[in-house]
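Here's the structure, in structure tokens; my notes come after.
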Amino acid sequence: MEKWFVYFLGLFDRVKDATAAEALERLAVPVRLRERVQMARIRSREVLFLFYKEPQVSRSRIHDLLVPLDTEALLLMMAKSKQERAKKYISLYLTHLRNVKVTLTGDDLKLLGIPPGPKYRRILRELLDAKLDGLVSSHDEEIEFVKKKSVAI
């Protein structure tokens with residue numbers, strides 16, 4: 001984590017997008033860093049709005065919304081959010097959800113008799129969502145989930 005980036009994002013948090021873009025350009029901030037700041041600003045606003053709007057957000061949805069954001073952007077979001085629910089979701093992601101992984105791989109799917117192809121990505125994505133949402137927890141449960149999914153596809 002880059003502590004300075006949290007402060008840097010904070011400097012531009014309350015200004016309009018055009019003003020932030022102009023300031024970043026005038027400060028001769030490298031293009032990649034400018035893009036990173038702008039993406040964090042836009043995505044953070046979208047996610048916080050969604051957290052405010054939706055009364056319940058699943059763990060898999062929290063993961064999907066927050067995984068593209070830098071840790072620094074997440075920390076700033078947590079600090080600036082006035083809504084406890086949003087803070088709780090971000091904290092849950094930082095402490096638990098971002099570390100959740102499935103144990104199965106494409107090789108395991110092949111061993112289960114599922115023909116290789118683009119559906120591997122979909123199956124593994126659905127498996128991760130199920131694990132995040134607490135529908136599966138063990139390796140054996142992951143195998144059973146995949147077997148049921150592969151029949152449905």
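The residue list Ser81, Ser91 contains one member that is modelled with pLDDT under 95 and in contact with a helix residue (DSSP H, G or I) (Cβ under 9 Å, 6 or more places away or on another chain), which is Ser81.
Based on what the data block shows, is Met77 surrounded by 15 or more Cβ atoms within 10 Å (Cβ to Cβ), under 22 Å from Lys3 (Cα atoms) and hydrophobic (A, V, I, L, M, F, W, C)? In short, yes.
Looking at Asp70, Asp140, Asp133, Asp64, which one is among the acidic types (Asp, Glu), surrounded by 12 or more Cβ atoms within 10 Å (Cβ to Cβ) and outside the structural domain of Leu9 (by TED's automatic domain parsing)? Unique residue meeting the criteria: Asp133. How do the pairs read when you match residues in region 47-61 that are free of Cβ contacts under 8 Å to residues at least 24 places away in the same chain and of a type in the set (A, V, I, L, M) with residues anywhere that are part of a helix (DSSP H, G or I) and surrounded by 15 or more Cβ atoms within 10 Å (Cβ to Cβ), using Cβ under 7 Å and keeping only pairs 6 or more apart or on different chains? Close Cβ pairs (under 7 Å, with a partner that is part of a helix (DSSP H, G or I) and surrounded by 15 or more Cβ atoms within 10 Å (Cβ to Cβ)) amount to Leu50/Leu65. The lone criterion from (1) on the phi < 0 side of the Ramachandran plot; (2) not assigned by TED's automatic domain parsing to the domain that holds Leu9 left unmet by Phe49 is number (2).
The values are calculated or read from the model by the stated rules, or taken from the named source; none is laboratory data. Computed from a predicted structure; not experimentally measured. As a convention, Cβ positions derive from the backbone with ideal geometry for all residues, glycine included, and neighbour counts pool all protein chains shown.
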